[in-house]
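Here the structure is laid out as structure tokens; the discussion comes afterwards.
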Amino acid sequence: MRRSGTEGVSTAGGFVVYERRRGWVALDLRELWSYRELLYFLTWRDILVRYKQAVLGVAWAVLQPFLTMIVFTVVFNRLLNVESGDSRVPYEVFSFSGLLAWQFFAGALTRSGVSLVGNSNLLTKVYFPRLVIPLSAVLAGLVDFVISFVILLVLMAAYGIAPTWQTVFLPLFVLLAIVSALAVSLWLSALNVLYRDVQYVIPFLVQLWMFVSPVIYPIDEIQAGALRIAFSLNPMTGVIGGFRWALLGQQFPGRYMWISIAMAVALLLGGLFYFRRMERVFADVV
Amino acid sequence: MSDVVLRTTGLSKMYRIGGERQAYRTLRETLAQLARRPIERIRHPGAATHASEVLWALRDINIEVKRGEVLGVIGRNGAGKTTLLKILSHITEPTEGRVEIRGRVGSLLEVGTGFHAELTGRENIYLNGAILGMTRTEIKRKFDEIVEFSEIGRFLDTPVKRYSSGMYVRLAFAVAAHLDPEILIVDEVLSVGDFSFQRKCLGKMEDVAGHGRTVLFVSHNLTAVTSLCTRAILLDKGRLLADGPARDIVGGYVSSGDERESSKEWCADRALGDERARLLRFEIRQDGREARGGIRSSETIEVALTVKIDRPSPKLQIGFELLDGDGVEILQTFHTDCESLEVLPAGIHALSCDIPRGLLNAGRYLLRPLVALYCEEWLISRADEATLRFDVTFDHSPSEMWYHARQGVLAPCLQWRQSTAPGAAPADV
């Protein structure tokens, strides 16, 4: 049994105080940590339910990125002549490596956007740090990610591409992907509680976002300069660039990577504070 | 004082009821409003930008609860009971005032919070336990005990969507009953489940209370409040009306609702329900007249409801429930119970139902209207403001040996048969 809420002002005698909070509040990540088991169980629930409900189950997690890759290859590479920007890397592997990161991000946004509203019965009946909900929605996507990653390895083996030594840095870029996904998810999930039409905007947002991320084209197509900086403001540009560098040995984005990282961290911090500020009204509004 | 574990000071909670009575907005509306506001300011300088209605769900509540106390919280619907528990459970924050609380709090505002239909009983025990605040090791340790208490046995690995509602509730309660907090906050969870299981849960709660645990307990079941609680508070429209020994408070509450009422009427814009069905009138009649209090058990009692339907639904069920004077349900009935009726079209309808003569005992009964969409949602339930109260005089027994009222909620004249018992028959060859 946990001690309920550490965020109230503790007074003498071991009392915890609940009263109206005004303005910005502390993040209180220590409390979040004390609820890690709940996070584990909610993530576990999301994963369990998804693979139980889907008729195709795991097959779906394999088919979806694979078929998307086929369509991209046919349409963009064969018909529109988009190249991977690197003669060693066939477009199939190139687009799949982009999709690997992209689908994790897109899935996280889609699931977490409606996560608070979808769990309204929990929000109105039990106390826990509300951050747990979008966080578990993001983390649940890691299972699909691992499945996709295995497919990528098979694909690379089929095309005779050996992983490079940079692969050891891949976990860092996975972390950047998680940070980026969580950052945007916090904003969207909180906004969707307050403005219920946000959930209709999310699919559209995800669609547009993919085209400004280098999933189907190499980022080097964009010339260095202001435009390249603008593209790098999108954290996913950094994530995908990092994935391709680590896995396929493509050119490292260089200092543009720092722009993406800074943006991801800024979005995450902003998202965390905004979420914490808004969470006190969730139970009344949801 | 050292043994106070919970204290509220000037606790108040305000809800803003917008014109459209919805809490959340859409981004589209907000943006449109932002665009409009400067123009409105120019047009009507000084006017309040948004005159929304304000509702104080709780107003200036000051209570102190000591360790080991079992506090009952009673009051009509909308009195603020649930809001109080939600603030004490840290789910929502007070608008004014503060709560000081000491010790581990376990709150149980609903049985089976977070249960997922697709998951098995076993999986749901872990999930629900974690949601209620148990650690994984704690759940593991109590797992067998929980399974045994729930009586679900071999269905442990079946998805709960295949459970009967009774099994579902038993499993949910079993998990909750094994919470081990220092302060337990419970909202009206005993109204679910079958009677024997309710008894078992009450027993478990007595157990908890007996172990020096502090319990806050909301219930409509006043008998449970008197038997479980040492102390009770009565809330009315968000204010604390009374605070004292449970028996006194419950007694005062029951007699305060003493006015016998045999009919209630509402105009369409204040009626209960929504466009799918609004209750305009609810009454009890006997001998074709509105029965003013005095009801005789020897005559049929007619319960009549007038409803206005704007949006017809084939799932609509209109009915009522009969309760005894302590608020314990005796029966529920709906107009769809016996024969399949036509879907009620839009318009105003008068429905009536007979409670057969020779059924009720002497004493106080309550009638509450019920309107639901079958298996979907309640439009009207537990509507205390629509409750009718009536007293029955027992006069239906033709027997000279049954003049006086007997024990029991009902007093039907049942048919008896007599024949010679085979064992006692004289042995003839």
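The values are calculated or read from the model by the stated rules, or taken from the named source; none is laboratory data. This structure is a prediction, so every number in the text was calculated from the model and none was measured. With ideal geometry, Cβ positions are generated from the backbone for all residues, glycine too; neighbour counts draw on all protein chains shown. With ligands, DNA and RNA removed, areas are computed over all heavy atoms of the protein, side chains included. Shrake-Rupley method; radii C 1.70, N 1.55, O 1.52, S 1.80 Å.
Treating the angle as unsigned and between 0 and 90°, give the value, to the nearest 10°, between the Cα long axis of helix A:235-248 and the longest Cα principal axis of chain A.
Roughly 50 degrees, rounded to the nearest 10.
When the C-alpha atoms of the stretch A:204-256 are aligned to their principal axes, what extent does each axis show, in angstrom, from largest down?
Cα spread of the stretch A:204-256 along its principal axes, largest to smallest: 32, 25, 16 Å.
Averaged over its residues, how many other protein chain Cβ atoms are within 10 Å of peptide B:128-135's Cβ atoms?
For this peptide, the per-residue mean of nearby foreign Cβ atoms is 6.
What are the extents of the Cα atoms of the stretch B:263-393 along their three principal axes, listed from largest to smallest and rounded to whole Å?
Taking max minus min along each principal axis of the Cα atoms, the stretch B:263-393 gives 41, 31, 28 Å.
For the stretch B:271-312 and the stretch A:213-286, write down the distance between their C-alpha centroids in whole Å.
One Cα centre to the other: 64 Å.
Going highest first, how would you order A:141-153, B:142-154 by mean Cβ packing within 10 Å? Intermediate values should be presented prior to the final figure.
On the way: A:141-153: 18.2, B:142-154: 15.8.
Going by the mean number of other Cβ atoms within 10 Å, highest first, we get A:141-153, B:142-154.
Solvent-accessible area of B:CYS375, probe 1.4 Å, all protein chains present, reported in Å² to the nearest ten, please.
Roughly 120 Å² of B:CYS375 is accessible to a 1.4 Å probe.
Restricting things to alpha carbons, tell me how big the protein assembly as shown is in terms of Rg and Dmax, in Å.
Cα-based Rg and Dmax for the protein assembly as shown come out at 31.6, 119 Å.
Taking H as built 1.01 Å from N, whose amide H comes closer than 5 Å to the amide H of B:ILE63, not counting residues under 5 places away?
For B:ILE63, the qualifying residues are B:THR8.
So what's the gap between the Cα centers of the stretch A:40-54 and the stretch A:109-166, to the nearest angstrom?
11 Å
Roughly how crowded by other chains is peptide B:79-91, in terms of the mean Cβ count from those chains within 10 Å of each of its Cβ atoms?
Details: counts 0, 0, 0, 1, 1, 0, 0, 5, 2, 3, 7, 10, 11.
Mean partner shielding for this stretch: 3.
May I ask you to evaluate 6.51 cos²θ - 1.76 cosθ + 1.60, the Karplus curve with θ = phi - 60°, for each residue of the stretch B:265-279 and list the ³J(HN,Hα) values in order in whole Hz, giving x for glycine and proline?
Rounded to whole hertz, the list is 9, 9, 7, 4, 7, 10, 5, 6, x, 9, 5, 6, 5, 10, 8.
If you average the C-alpha positions of the stretch B:100-151 and of the stretch B:215-245 separately, how far apart do those two centres end up, in angstrom?
Taking the Cα centre of the stretch B:215-245 as reference, the centre of the stretch B:100-151 is 26 Å away.
Using the reciprocal of the averaged 1/r over all distinct C-alpha pairs, how large is the Kirkwood radius of the stretch A:131-286 in Å?
Over the stretch A:131-286, the inverse of the mean reciprocal pair distance is 17.0 Å.
Quick one: Karplus J couplings for the stretch A:94-104, per residue in order, coefficients 6.51, -1.76, 1.60, θ = phi - 60°, nearest Hz, x for Gly and Pro?
4, 6, 5, 5, x, 5, 3, 6, 5, 5, 5
Show me the ranking of peptides B:235-244, A:244-253 by mean Cβ neighbours inside 10 Å, starting with the highest. Present the calculation step by step, with values, prior to reporting the outcome.
On the way: B:235-244: 17.3, A:244-253: 21.0.
Highest to lowest by the protection proxy: A:244-253, B:235-244.
Hey, what did the stretch B:263-393 get for relative contact order, percent, Cα under 8 Å, at least 6 apart? Please report the intermediate quantities before stating the final value.
Numbers: 299 pairs, mean separation 37.3, N = 131.
Relative CO of the stretch B:263-393 lands at 29 percent.
Which whole-Hz couplings ³J(HN,Hα) result when phi for each residue of the stretch A:160-172 is put into the Karplus expression 6.51 cos²θ - 1.76 cosθ + 1.60, θ = phi - 60°, listed in order with x for Gly and Pro?
Working through the residues one at a time gives x, 9, 7, x, 8, 5, 5, 4, 4, 8, 3, x, 5 Hz.
Around B:LEU241, which amide H atoms from residues at least 5 apart in sequence, or from another chain, sit under 5 Å from its own amide H, with H modelled in the peptide plane?
B:LEU234, B:LEU235, B:ASP236
For helix A:142-158, what angle does its Cα long axis make with the longest principal axis of chain A, in degrees from 0 to 90 and rounded to 10?
Orientation of helix A:142-158: about 10 degrees from the principal axis.
Taking the DSSP beta bridges in the protein assembly as shown as the whole, what percent of them are antiparallel, to the nearest 5? All intermediate terms of the calculation are to be shown ahead of the outcome.
On the way: 76 of 97 bridges.
Around 80 percent antiparallel, to the nearest 5.
Past 18 Å, Cα to Cα: identify those pairs from B:LYS66/B:LYS200; B:LYS161/B:LYS204; B:LYS237/B:LYS264; A:LYS125/B:LYS200; B:LYS264/B:LYS308; A:LYS52/B:LYS142, in the order given. Mind showing how you got there, number by number?
Numbers: B:LYS66/B:LYS200 26 Å; B:LYS161/B:LYS204 26 Å; B:LYS237/B:LYS264 20 Å; A:LYS125/B:LYS200 24 Å; B:LYS264/B:LYS308 15 Å; A:LYS52/B:LYS142 27 Å.
Result: B:LYS66/B:LYS200; B:LYS161/B:LYS204; B:LYS237/B:LYS264; A:LYS125/B:LYS200; A:LYS52/B:LYS142 exceed 18 Å.
With everything on Cα atoms, drop me the angle between helix A:36-53 and the longest principal axis of chain A, reported from 0 to 90° to the nearest 10.
50 degrees
Among A:ILE229, B:ILE249, what's the order by accessible area (1.4 angstrom probe), most exposed first?
Details: A:ILE229 75, B:ILE249 15 Å².
Greatest to least solvent exposure: A:ILE229, B:ILE249.
Under a point-charge model restricted to the Cβ atoms of Lys and Arg (+1) and Asp and Glu (-1), what is the dipole moment magnitude of chain A relative to its Cα centre, in debye to the nearest 20? Display every interim value, and only then the final one.
Working: 22 positive and 15 negative charges, 157 e Å.
In total the dipole reaches around 760 debye.
Could you please put B:THR223, A:THR124 in sequence from largest to smallest accessible area, using a 1.4 Å probe?
On the way: B:THR223 65, A:THR124 25 Å².
Result, largest first: B:THR223, A:THR124.
How large is the convex hull of the C-alpha atoms of chain A per residue, in Å³? Show your work: numbers first, answer last.
Values: hull volume 44.0 nm³, N = 286.
In chain A, the Cα hull volume divided by residue count equals 154 Å³.
Project the alpha carbons of the stretch B:57-256 onto their principal axes and report the range along each, largest first, in whole Å.
Extents along the principal axes, in whole Å: 48, 32, 30.
Per residue of A:32-39, what is the mean number of Cβ atoms on other protein chains within 10 angstrom of that residue's Cβ? Display every interim value, and only then the final one.
Working: counts 0, 0, 0, 2, 0, 10, 8, 1.
That works out to 3 on average.
So how do A:154-166, B:380-392, A:189-201 stack up, highest first, on mean other-Cβ count within 10 Å? The partial results should precede the final answer.
On the way: A:154-166: 12.9, B:380-392: 18.1, A:189-201: 20.5.
Highest mean packing first, the order is A:189-201, B:380-392, A:154-166.
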